[in-house]
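Taking it in order: structure first as structure tokens, then the write-up.
The values are calculated or read from the model by the stated rules, or taken from the named source; none is laboratory data. The model shown is predicted, which means the values in this text are computed figures rather than measured ones. For neighbour counting, all protein chains shown are included, and Cβ atoms are generated from backbone atoms with ideal geometry for every residue, glycine included. Surface areas here come from the heavy atoms of the whole protein model, side chains and all, with no ligands, DNA or RNA. Shrake-Rupley method; radii C 1.70, N 1.55, O 1.52, S 1.80 Å.
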Amino acid sequence: MNAREIPSAIRNGETTAKEVLETHLEAIQNREEEIHAFNLVMEEEARNEAERIDALTAKGEDPGPLTGIPVAIKDNICTQGVPTTCSSKILDGWRPPYDATIIERLRDAGAVIVGKTNLDEFAMGASTENSAFGPTRNPLDTTRVPGGSSGGSAAAVAAGFAPLAIGSDTGGSIRQPAALCGVVGVKPTYGRVSRYGLVAFASSLDQIGPFAETVADAALLLEVISGHDPLDTTSIPEPSLDLSTALTQGVEGLRIGVIDELSGGAIEGISDDVLGCLEEAVQALTSAGAIVERTSVPSTVYGLSAYYVIAPAEASSNLARYDGVRFGPRVDAKTTSEMMVATRTAGFGDEVKRRIMLGTYALSAGYYDAYYGKSQKVRTLIMNDFASAYKKYDLLLSPTAPTTAFPLGDKTEDPLQMYLQDICTISSNLAGHPAMSVPFGKGTDGLPVGIQVLASAMDEHTMFRAGAILEASNQGKS
Ligand code: GLN
């Protein structure tokens with residue numbers, strides 16, 4: 001059953017929230033040991049929640065648009081009283097004293113939270129291999145990674161553990177794992193979804209968004225979690241999205257630009273089978289009535305370099321709070337500063353340490369202008385280039401990831417190779433724009449390929465119009 005079908009089936013009495021939950025818990029029971037999508041399965045809490053929802057529907061009340069839908073939550077989103085680890089040893093044992101805004105919204109909409117999903121430590125990575133608790137495996141081929149950093153959430157949806165999941169996307173961490181696991185993943189406009197209660201990685205780039213099996217299900221989840229939140233100062237003062245008409249509107253007359261640099265142009269390393277799928281996606285959109293042509297967004301070429309200065313710079317500041325005093329375990333030492341060094345040395349993994357060092361270096365006196373300042377200028381160039389592109393086009397298109405899912409261990413020795421996974425996704429974070437990944441076609445290895453639809457700020461509506469067409473045409477093919 002798709003997510004969208006669950007609430008009505010419960011309201012009609014065809015099933016109950018309890019029954020829906022048990023089916024998913026059974027799927028988890030069967031395959032979780034092999035996949036490791038979760039850091040924590042919240043069986044008891046989920047059962048209580050499902051009972052509460054069934055009691056409401058029995059009284060004729062409507063628990064909301066997500067009635068009885070199991071949802072998996074990335075483990076960098078605060079859940080009151082429930083461990084929130086960011087897949088890091090440094091947060092071991094920490095239980096947040098409050099819920100993230102999106103958790104409250106999900107509950108208010110009748111969703112059943114099933115667990116906290118695995119991620120690259122503090123969301124730094126593209127394969128979920130940087131988790132302190134071991135990697136997640138791709139449900140479609142368990143020798144391969146699910147992508148990252150929200151690999152646990154993507155895998156949970158792909159494995160049928162939950163029809164919906166929540167991720168966070170700082171440089172592609174929703175879209176790339178969605179592509180590698182063959183599900184839909186959406187990064188909304190920066191500020192569209194409240195970040196209150198999301199553990200900060202790079203605050204000017206972080207954004208929460210949905211994973212789902214279908215475009216319509218992703219729209220449903222995004223509608224619930226979007227909308228202004230006074231607790232997040234960067235939240236856009238707009239009501240929740242209504243995407244219902246976007247799903248059936250089609251793309252007739254839309255002008256769509258394929259970003260040349262990310263599609264076999266200036267940037268190397270996008271594999272031929274992925275480019276083949278992109279070509280088919282172009283044809284699908286053209287036959288649906290869109291005007292599609294190649295276009296240049298020149299500064300996207302520098303996106304990766306700018307991101308890997310800006311994101312570590314912000315991370316080095318955000319992660320300063322893990323000092324052995326305020327959160328998690330402490331390694332004792334003679335002086336306070338030695339205690340902090342010992343705690344951080346023991347608590348952080350290699351990639352997190354690398355980012356903190358890179359970021360601290362880029363922000364230090366003497367290097368600030370050369371690295372951080374320069375990267376901010378590049379960020380402005382990217383914004384300007386997108387602004388000109390959106391004068392001519394309603395949407396832009398590219399592959400989501402350069403390849404299909406790669407084998408575990410393939411890129412762990414060479415961080416740069418791992419960073420290159422983000423080449424197509426990073427620019428929309430730097431610009432703050434929405435982008436989504438829709439499964440479209442397969443690589444030569446039989447694994448799914450994701451096509452990325454990019455839109456200008458606040459235009460999720462048009463983005464979902466193209467997403468729905470790509471999905472329909474992809475289903476028509478297989
Ligand atoms: N792979 C990117 C990184 O490691 C993006 C991560 C993310 O979006 N959270 O920084």
field: Those lysines that a straight Cα-Cα span of less than 22 Å connects to Lys377, excepting residues fewer than 8 apart in one chain
entry: Lys391
- prompt: What accessible area, in Å² to the nearest ten, does a 1.4 Å probe give for Ile267?
  reply: 20 Å²
statement: Along the stretch 135-141, Karplus-curve 3J(HN,Hα) (6.51, -1.76, 1.60; θ = phi - 60°) to the nearest Hz, with x for Gly and Pro, reads x, 9, 10, 6, x, 7, 6
- prompt: How much accessible surface does Met458 have with a 1.4 Å probe, in Å² rounded to 10?
  reply: 70 Å²
- prompt: Modelled label-to-label distance, Asp62 and Ala342, 7 Å Cα→beta-carbon offset: nm?
  reply: 5.9 nm
message: Taking θ = phi - 60°, what integer Hz values does the Karplus form 6.51 cos²θ - 1.76 cosθ + 1.60 yield along the stretch 435-449, in sequence order, with x for Gly and Pro?
response: 7, 9, 10, 10, x, 8, x, 10, x, 5, 7, x, 8, x, 10
For Arg294, distant residues with modelled amide H under 5 Å away: Val258
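So which DSSP H runs in the chain come out at 27 Å plus along the axis (Cα) with average Kyte-Doolittle of at least 0.5? Display every interim value, and only then the final one.
Details: long enough: 374-392 (28 Å, -0.71).
What comes out of the filter, once short or polar helices are dropped, is none.
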statement: Result for the stretch 111-267: accessible area per residue, probe 1.4 angstrom, in square angstrom, of 22 Å²
- request: Could you compute the FRET efficiency for Glu252 and Glu413, with r as their C-beta to C-beta distance and R0 at 60 Å, rounded to 0.05?
  value: 0.80
task: For Ile423, Ile174, give the ranking by accessible area with the largest first, probe 1.4 Å.
output: Ile423, Ile174
- prompt: Using a Förster distance of 51 Å, how high is the FRET efficiency between Arg321 and Leu275, based on the Cβ-Cβ distance and rounded to 0.05?
  reply: 0.75
- prompt: Assuming R0 = 22 Å, what is the FRET efficiency of Asn2 and Met458, from their Cβ-Cβ distance, to the nearest 0.05?
  reply: 0.20
task: Compute, for Lys59, the solvent-accessible surface of its heavy atoms (probe 1.4 Å) with the complete set of protein chains present, and express it in square angstrom to the nearest 10.
output: 140 Å²
task: Would you work out what percent of the accessible area of the chain, with all protein chains in place, is carbon or sulfur (probe 1.4 Å)?
output: 51 percent
field: Surface per residue (accessible, 1.4 Å probe) for the stretch 297-403, Å²
entry: 48 Å²
- request: Pull up all non-local amide H partners of Thr117: gap of 5 or more, or a different chain, and H-to-H distance under 5 Å with H placed in the peptide plane.
  value: Asn39, Ile73, Lys74, Asp75
task: Calculate, in nm to one decimal, what Lys392 and Lys353 gain on full extension: separation in residues at 0.36 nm each, minus their alpha carbon distance.
output: 9.8 nm
task: Calculate, in whole percent, how much of the Cα-Cα pair population of the stretch 336-450 lies beyond 24 Å.
output: 50 percent
task: Measure out, as a whole number of angstrom, how far apart the alpha-carbon centroids of the stretch 251-298 and the stretch 155-171 sit.
output: 26 Å
query: Which pairs in the list Lys74/Lys411; Lys334/Lys411; Lys18/Lys89; Lys187/Lys411; Lys116/Lys477; Lys187/Lys353 are over 30 Å apart, alpha-carbon to alpha-carbon?
result: Lys334/Lys411; Lys18/Lys89; Lys116/Lys477
task: Sort out for me the Cα centre separation of the stretch 414-476 from the stretch 185-218, rounded to whole Å.
output: 14 Å
query: Residue by residue through the stretch 262-268, which ³J(HN,Hα) values in whole Hz follow from phi under the Karplus form 6.51 cos²θ - 1.76 cosθ + 1.60 (θ = phi - 60°), with glycine and proline marked x?
result: 9, 10, x, x, 4, 9, 8
query: Roughly how many Å is it from the Cα centre of the stretch 310-382 to that of the stretch 59-106, as a whole number?
result: 27 Å
